[in-house]
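> My questions all concern the structure below.
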Amino acid sequence: MTMTAVAPATPATGSRIRWADFAPFIALALIILIGTLINSNFASHANLMNVITRSAFVAIIAIGATFVIAAGGLDLSVGSMMAFVTGIMIMAMNGLAPAYGDWAIAMGAGVALVVGGLCGLFNGLIVTVGRIEPFIVTLGTMGIFRAFITFMTDGGSLPLDRSLRDAYRPVYFGSFFGIPYPVLITLVVVLLGAFLLYKTKYGRRVTSVGSNAEVARFSGVSVGRVRTLTYVIQGLCVAVAAICYVPRLGAATPTTGQLWELQVITAVVIGGTLLRGGKGRIWGTVAGALILEIIANVMVLSDLVSEYLVAAVQGAIIIIAMLAHRFTSSR
Amino acid sequence: MTMTAVAPATPATGSRIRWADFAPFIALALIILIGTLINSNFASHANLMNVITRSAFVAIIAIGATFVIAAGGLDLSVGSMMAFVTGIMIMAMNGLAPAYGDWAIAMGAGVALVVGGLCGLFNGLIVTVGRIEPFIVTLGTMGIFRAFITFMTDGGSLPLDRSLRDAYRPVYFGSFFGIPYPVLITLVVVLLGAFLLYKTKYGRRVTSVGSNAEVARFSGVSVGRVRTLTYVIQGLCVAVAAICYVPRLGAATPTTGQLWELQVITAVVIGGTLLRGGKGRIWGTVAGALILEIIANVMVLSDLVSEYLVAAVQGAIIIIAMLAHRFTSSR
Amino acid sequence: MTVQALAHAPSGAAPLAMRAEGLCKAYGAITVLSDISLDIEAGEVHAVIGENGAGKSTLMKLLSGHVAPTDGRLFMENGSVAFAEATEAEHAGVVLVHQEILLAADLTVAQNLFLGRELTRGFMVDDKTMNRRTAALLARVGSVARPTDRVGDLPLAQRQLVQIARALLEDRKIIILDEPTAVLANDEVAALLEIVRSLREQGVGILYISHRLNEVQALADRITVLRDGRMVGTWPASELSQRRMAELMVGRELSMLYPEKRPVVAGEPVLSVTDLVVDDGVSQGSFSLRAGEVLGIGGMIGSGRTELIEGLLGLRPSHARRVEVNGREIVHRSVRSLMAAGLAYLTEDRKGKGLLVDASLAPNLTLQALDGVNPGVVLQQRREVAELKKAVSDYDIRVRSLTLDAGKLSGGNQQKLLLAKIMMSSPSIIIIDEPTRGIDIGNKSQIYGFIDAMVRAGKACIIISSEMPELVGLSDRVLVMREGRFVAELTGAEINEENVAYAATTGRHTAAAGEA
Amino acid sequence: GHAQERDVKIAVSIPAATHGWTGGVVYHAEQAEKEVEAAFPNIDVIVSTASSASAQVSSLEDLSATQDLDALVILPFTSEELTGPVEQVKAKGTFVAVVDRGLTDPSVQDLYVAGDNIAVGANTATWLSEKLGGEGEIVVLRGIPTVIDDERIKGFSDVIAKSNIKILDIQYANWNQDEAFQLMQDYLAKYPKIDAVWANDDDMLLGVIEAVEQAGRSDIKYMLGGNGMKQVIEMVKEGDERTPISTPYPPSMIKSAVYMVAGQFNGQAPMRGSFLLDAPLITPENADQFYFPDSPF
Ligand SMILES: Nc1ncnc2c1ncn2[C@@H]1O[C@H](COP(=O)(O)OP(=O)(O)OP(=O)(O)O)[C@@H](O)[C@H]1O
Ligand SMILES: Nc1ncnc2c1ncn2[C@@H]1O[C@H](COP(=O)(O)OP(=O)(O)OP(=O)(O)O)[C@@H](O)[C@H]1O
Ligand SMILES: [Mg+2]
Ligand SMILES: [Mg+2]
């Protein structure tokens, strides 16, 4: 019998740092760097504030989407839902304004939250109770919500009552110690989202359901309820985004929120959340939303491409970013 | 204690009838029935031929999508790709027309097939070699192809040379023994697709990759190659659809094929293919494409809903169809 | 419904923890279990044995609420119970450790353990306490995993230990262990048996399923035998020898388990591997295999045997100085090129890497040898069915319908299907990772015989096995791995359990499980 | 079902309400349906919307295959693509009225009520160039890449090219208020001095105004749109300094066309030929004639 001596391999201790987890933030830093190099105006306070404020909507909705996707679902209806909630909210505010004055804004916001939650509940119940592919369900409700807002606006636009504009405007344009309100609101939503997903039982169950629904069920998790709730959270996030959105342009139109669903899902995926579920990266999602908005901003600020090709370059940058991410963090 | 000899049960071979497999066809029959009841003109030969002919595009592209989805992928770029291929094809035909006369049509069609295949290959390679979520890759290429066609048309439209129109028209409007050519072409594509997916080794590998890529890899299946090829097939199907499409409208515009990707995926899912892969239902897909087109047709024929709400009703019908399917075929 | 109090066991001493009466289970027209009645006493180990597909796992799922019986009743101390869900059974104190690993791969070990019953402080999950308690439980079951490891990153054996730890999280009345040791090696097995004994002492009733009859004999108080979905009977363990158990299971007399050792014929080397390094040195080594030889690779769990072989086949990132098969160098190492050169590999992870659980049997059987079975482009479906029928009889796959999905086969029958699958390509070199995992004793000898016949025919075989007797009984030469490296080579008379265990642990002698 | 006595069928095929202007078209088409059906008991108006050129062809096929159409009023998605299909409808003896975008083969049109997109761009450009004294730097927002957008931009840039005015930038904002807002924010960040903005459409103009107001930029002298949207006409009426004009491109042209067609089935003089709506500037003086408070647009 021959025996060879072997040096004992030192077992790795401590949790390994996963580079992949940082990828979205590195990408964000890189894109900011490139932006700064391409156009000196990019790094101006005004421009950065604009971009960050603007990304609030997609970021807020994408937080909700992180829950839905982490639980193994998908929601394509968020853009239309946002338009629909905006419409209902404006109608409520306009209706309440004569009687309640500026209080109508708060009441309208309350209505928005309720409607958003209900829209989400509707999506969630069809997905879970009806056991239908979320892709199909939310594609259907996407059409439904979009048609409702078109109907409500008669194809035109549904403006907020003039008397409320001034009181409401600051919610988008105002700031608190130099930080615009939408950014603050996003921050609150992100912190709440991160707390809910990482620190509570519910969040644990969301990821378990997305990772392996069968195991979750055996472990006593009400898979249907957990999944449905993610859609409700998504609906509430959409409502919050709507509340920040209305003061910006003061109207709902049939094009409000169009194609946002794709931006939202892209933000979530760029942020490191897997579309198959089982994992949710709240902060990554925020980075993803910022990346998308900054790319668009840099494209306009730079004079590099024909207006026809802007979309191509954006698409290419996203793919290249994902490729770079893949090959730097390897597996 | 007694020892009982138990005769080994002989395993049954006959394939069970799965009701769920028939669901799309039952739904199709039902919607045709409803159409007939709502409007007597629905069942007219002319109308039915129109609807069936028109569903050819989505059906042909959806056959390709069935492969992609069965292998566990997704392609959101098909609508834009179709516009892009259409644009290239028209440019090729227009360029060749002076020299080759009507032969330019056949040559242009050849170009379309090559370009379609290459577009698919591009998608496929990024997904497999780059190992990036197909959702993101094809969302990116969707933007890229769309930007290309916008660029090629200068934001306007790219018409087919007049000299070719008459020779090319029959490909959409002509018929063979009363069967319109697009229907014949669809039939050929469907039969080829069904043969490829169900009767060949490649088809077996496609479903095995979609079912469990790891198992397929361990069994010596070149997962990447099989997946990439599904995208190429998708690209070829898009090209065939483009070939049928051009004689219908005679031009490519930046809005050609817009949102077709969603219709295509809906057709595939309604047809019974699971989005998570591992199974593909070619004939179901065809039924799905017909269902979508017939719903739209019935909506036009009936005067029941406000124009604004057409999209809502379509969305609702699809969801209801899926729900009905779920609860009748239950388990 | 009348609530009946649970009668005391005939033996008198211990109270009954659970009793099943007339349990039946059918899937559609397929009857899997009929009229099963058994009882479990508090503080006993009740073993359930039977051939592959006899219905053991199904019975356990009925007892633990994972599957609803089509007929029959369950009683616990306060009367008749009907578990609508697994969680109801867990509330009643009955927990099942599945034969298949059922854990959420994306979650950490601690998160899996506490899934559905997370500890909280206020609104917050109390990860600190959960991690601490998890660490304690992991230590108790002898796992080297850490509470914060992602389950998907763990080797199979560690995952199994995590499953067992999960069952121990709370006080239980009945713990059901379905082939808990199938993926464990001697050390872990010994630790597990200790745990089972101590649970018994605490008055827990334990249902124990295993194909390793020595374990059963060493551990069980009573033994119930199932055959083809029916009860054969229940006996006190002291009344049954291992041979008798096997006969009761199979319903006939058994022949020799291990084939007689062949005279060692030093054939030509058919596989030689020089300086293979898998994924940055996690596992590395050089070895060769000769025609007509069975090479065993031994080692502890996690010693890197699986990784080495998967690296060799290009299934993991790896590089090698030189790999030769039948004298020809393989330049581009990949599963495909090696399979084309005559290699076949049977994985230890049959659900994750071996079988398409959602596909039916024929596609599974022919997936690897698709080109062999179907020479052209077109599938020869008739031929596939013929091959399936042949495989079902050759490998004695117990299946009641040929159109069943592979995932619905019993664990052992899945293993046999997998074996049939890799043999479809008529390889000249086969590498089998845990060849008889979950295989009943009757079929084991069949598989051994099969390997023997193959090698006698001039082919060669590598066997990775955590089951010592199997490794020793089959191998002509044994390589032992530790920490990713080969540490010893045993030949001829050196091949015995002592030496293998010694080399695997360097000096630490381990008592193999169930040995007297 | 429809009342049997309605034996004249007029189909109205228009783009779906995807943004402000098409929303207006749908609104006016539906109004026309109600009014015409009320006024003429023998006429049945069928309105059909389509979300793409190909969907519009489909609905044409559906309508002409299943209904015996006496007349078709169509606002084509694109000229090129709809010419063939409309020709086929006409071949069955249907009276064809085309609105806004003329078909490639004008002989197909019995009646053509034309908006003039080139004029919308050109007139705005002429006014702007005059006001700026033929000098300055401006930015332009494009709509969705389609023929309308293309024509307007062409009309505008051809006129601008004759002056010394420089178009600093031109990008798509898809006739969407939001995207226009964002694009304008970026323009503002990019160019420290902008003399005027042309948004090509009043929907986008609203987004532009919001962005400019937020930035508090005083260098911008004019912000112009087009189409004559209700809110913008209000601004014109109030004599807004930076938006003193708009250009009408009334979606109500669809209604006019329906009326003209309906008229001829009731013994009124046959209406044939082309009716070109010009694009006069809407100014504070004449704004009242373009103001329809009940229209959604
Ligand atoms: N607890 C653990 N956490 C992380 N990695 C582990 C752990 N245990 C083992 N490993 C890794 O797994 C590798 C070996 O696993 P592998 O499955 O190849 O071993 P094996 O000898 O085949 O054992 P088995 O009998 O389980 O098949 C080790 O080299 C080690 O890197
Ligand atoms: N869902 C199902 N549908 C149909 N048949 C099933 C299903 N689940 C199990 N079976 C069948 O029930 C029989 C018993 O399976 P079971 O898993 O209980 O066997 P087992 O005794 O645990 O065998 P092993 O030792 O191989 O694990 C098998 O023939 C199996 O094919
Ligand atoms: Mg079992
Ligand atoms: Mg192993």
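The values are calculated or read from the model by the stated rules, or taken from the named source; none is laboratory data. Fair warning: this is a prediction, and the values are worked out from it, not measured in the lab. Methodologically, a virtual Cβ is constructed for each residue, glycine included, from the backbone with ideal geometry; neighbour enumeration extends over all protein chains shown. Note: accessible area is taken over every heavy atom of the protein model, side chains too, but ligands, DNA and RNA are not part of it. Shrake-Rupley method; radii C 1.70, N 1.55, O 1.52, S 1.80 Å.
> Considering each residue of region C:104-151, count those that are within 9 Å of chain A (Cβ to nearest Cβ) and of a type in the set (Lys, Arg), and give that number.
Within region C:104-151, residues that are within 9 Å of chain A (Cβ to nearest Cβ) and of a type in the set (Lys, Arg) number 2.
> So how many residues does region C:128-146 have that are open to solvent by less than 50 Å² (accessible area, probe 1.4 Å) and within 25 Å of A:GLY193 (Cβ to Cβ)?
Residues flagged as open to solvent by less than 50 Å² (accessible area, probe 1.4 Å) and within 25 Å of A:GLY193 (Cβ to Cβ) within region C:128-146 amount to 3.
> Looking for whichever is on the phi < 0 side of the Ramachandran plot, touching a residue at least 12 places away in the same chain (Cβ under 8 Å) and within 16 Å of ligand 2 (Cβ to nearest atom) here; the options are C:LEU113, C:LEU96. Which one fits?
Values: C:LEU113 fails: within 16 Å of ligand 2 (Cβ to nearest atom).
It is C:LEU96.
> Ok, one more. Name the pairs whose Cβ atoms lie under 8 Å apart, with the first residue in region A:228-247 and surrounded by fewer than 24 Cβ atoms within 10 Å (Cβ to Cβ), the second among the polar types (S, T, N, Q), and 6 or more positions between them or separate chains?
From residues that are surrounded by fewer than 24 Cβ atoms within 10 Å (Cβ to Cβ), the pairs are A:THR228/A:THR128.
> Let me ask something else. Within region B:200-213, identify whether any single residue is under 18 Å from the mean Cα position of the chain (by Cα), within 14 Å of chain D (Cβ to nearest Cβ) and assigned to a helix (DSSP H, G or I), and answer yes or no.
no
> From the list C:ALA406, C:ALA386, exactly one residue is away from ligand 1 (no atom under 16 Å from the Cβ), under 22 Å from the mean Cα position of the chain (by Cα) and within 14 Å of chain B (Cβ to nearest Cβ). Which is it?
Working: C:ALA386 fails: under 22 Å from the mean Cα position of the chain (by Cα).
So the residue among C:ALA406, C:ALA386 that is away from ligand 1 (no atom under 16 Å from the Cβ), under 22 Å from the mean Cα position of the chain (by Cα) and within 14 Å of chain B (Cβ to nearest Cβ) is C:ALA406.
> All but one of (1) within 14 Å of ligand 3 (Cβ to nearest atom); (2) assigned to a helix (DSSP H, G or I); (3) touching a residue at least 60 places away in the same chain (Cβ under 8 Å) hold for C:LEU418; which doesn't?
Condition not satisfied by C:LEU418: (1).
> Another question, then. Tell me, which strands (runs of 3 or more DSSP E) lie completely within region D:161-224 with 2 or more residues that are more than 9 Å from chain A (Cβ to nearest Cβ) and open to solvent by 10 Å² or more (accessible area, probe 1.4 Å)? First the steps, then the outcome.
On the way: elements: D:164-172, D:196-198, D:222-224.
By residue number, D:164-172.
> Please indicate, with yes or no, whether at least one residue in region B:110-119 is open to solvent by 30 Å² or more (accessible area, probe 1.4 Å), under 30 Å from A:GLY271 (Cβ atoms) and free of Cβ contacts under 8 Å to residues at least 60 places away in the same chain.
No, there is no match, as no residue in region B:110-119 is open to solvent by 30 Å² or more (accessible area, probe 1.4 Å), under 30 Å from A:GLY271 (Cβ atoms) and free of Cβ contacts under 8 Å to residues at least 60 places away in the same chain.
> Of the residues C:LEU365, C:LEU355, which single one is within 12 Å of chain B (Cβ to nearest Cβ), more than 16 Å from ligand 1 (Cβ to nearest atom) and either of a type in the set (D, E, K, R) or farther than 23 Å from C:SER428 by Cβ (or both)? Walk me through how you get there before you give the answer.
Working: C:LEU365 fails: either of a type in the set (D, E, K, R) or farther than 23 Å from C:SER428 by Cβ (or both).
Of C:LEU365, C:LEU355, the one residue that is within 12 Å of chain B (Cβ to nearest Cβ), more than 16 Å from ligand 1 (Cβ to nearest atom) and either of a type in the set (D, E, K, R) or farther than 23 Å from C:SER428 by Cβ (or both) is C:LEU355.
> Please verify whether B:ALA92 is more than 13 Å from the chain's Cα centre (by Cα), within 11 Å of another protein chain (Cβ to nearest Cβ), farther than 17 Å from B:GLY277 by Cβ and assigned to a helix (DSSP H, G or I), treating the condition exactly as stated.
Values: more than 13 Å from the chain's Cα centre (by Cα): yes; within 11 Å of another protein chain (Cβ to nearest Cβ): no; farther than 17 Å from B:GLY277 by Cβ: yes; assigned to a helix (DSSP H, G or I): yes.
For B:ALA92, the condition - more than 13 Å from the chain's Cα centre (by Cα), within 11 Å of another protein chain (Cβ to nearest Cβ), farther than 17 Å from B:GLY277 by Cβ and assigned to a helix (DSSP H, G or I) - is not met.
> Here's another thing I want to ask about it. Note down all Cβ pairs under 7 Å where the first residue falls in region C:390-403 and is more than 8 Å from chain B (Cβ to nearest Cβ), the second is open to solvent by less than 30 Å² (accessible area, probe 1.4 Å) and β-branched (Val, Ile, Thr), and they're at least six residues apart or on different chains.
Here the result reads C:ALA391/C:ILE397, each pair linking region C:390-403 to a residue that is open to solvent by less than 30 Å² (accessible area, probe 1.4 Å) and β-branched (Val, Ile, Thr).
> Quick check on this structure: which one of B:LEU304, B:LEU323, B:LEU290 is at pLDDT below 80 and open to solvent by 30 Å² or more (accessible area, probe 1.4 Å)?
Numbers: B:LEU323 fails: at pLDDT below 80; B:LEU290 fails: at pLDDT below 80.
The unique qualifying residue is B:LEU304.
> Out of the residues in region C:99-110 meeting the condition of being assigned to a loop (DSSP other than H, G, I, E, B) and either more than 30 Å from C:GLU348 (Cβ to Cβ) or away from ligand 2 (no atom under 16 Å from the Cβ) (or both), tell me which one is most open to solvent (accessible area, probe 1.4 Å).
C:ALA105
> For C:ILE432, are the conditions met, namely being under 18 Å from the mean Cα position of the chain (by Cα) and facing chain B (nearest Cβ under 10 Å)? Walk me through how you get there before you give the answer.
Working: under 18 Å from the mean Cα position of the chain (by Cα): yes; facing chain B (nearest Cβ under 10 Å): no.
Taking the combined requirement at face value, the residue does not satisfy it.
> Restrict the check to region B:147-155 and report whether at least one residue is open to solvent by 20 Å² or more (accessible area, probe 1.4 Å) and more than 15 Å from A:TYR308 (Cα to Cα).
In the first step, residues of region B:147-155 are kept if they are open to solvent by 20 Å² or more (accessible area, probe 1.4 Å); the result is B:148, B:151-152, B:154.
Now restrict to residues that are more than 15 Å from A:TYR308 (Cα to Cα): none.
No: zero hits.
> Let me ask something additional. Name the residues in region B:311-331 that are under 24 Å from B:ALA46 (Cβ atoms) and at the interface with another protein chain (Cβ under 7 Å from one of its Cβ atoms), would you?
The answer is B:GLN314, and nothing else.
> Just checking: which of the helices (runs of 4 or more DSSP H) contained wholly in region C:287-392 hold 1 or more residues that are open to solvent by less than 30 Å² (accessible area, probe 1.4 Å), in the same structural domain as C:PHE486 (by TED's automatic domain parsing) and of a type in the set (Asp, Glu)?
Details: elements: C:305-312, C:335-340, C:361-366, C:370-373.
It comes to C:305-312.
> Looking at (1) at positive phi; (2) touching a Lys or Arg at 6+ places or on another chain (Cβ under 7 Å); (3) touching a residue at least 12 places away in the same chain (Cβ under 8 Å), which one does A:GLY155 not meet, given that it meets all the others?
Here A:GLY155 meets the rest and fails (2).
> Something else about it: Tally time: how many residues in region C:428-462 are away from ligand 3 (no atom under 16 Å from the Cβ), touching a helix residue (DSSP H, G or I) at 6+ places or on another chain (Cβ under 6 Å) and β-branched (Val, Ile, Thr)?
So the count comes out to 1.
> Further question on the same structure: For the subset of region C:41-86 comprising residues that are assigned to a helix (DSSP H, G or I) and over 22 Å from C:MET245 (Cβ atoms), which member is farthest from ligand 3 (Cβ to nearest atom)? Full working, then the answer.
Narrowing region C:41-86 to residues assigned to a helix (DSSP H, G or I): C:56-63, C:86.
Now drop any that are not over 22 Å from C:MET245 (Cβ atoms), which leaves C:61-62, C:86.
Details: C:LYS61: 9, C:LEU62: 13, C:ALA86: 17 Å.
It comes out as C:ALA86.
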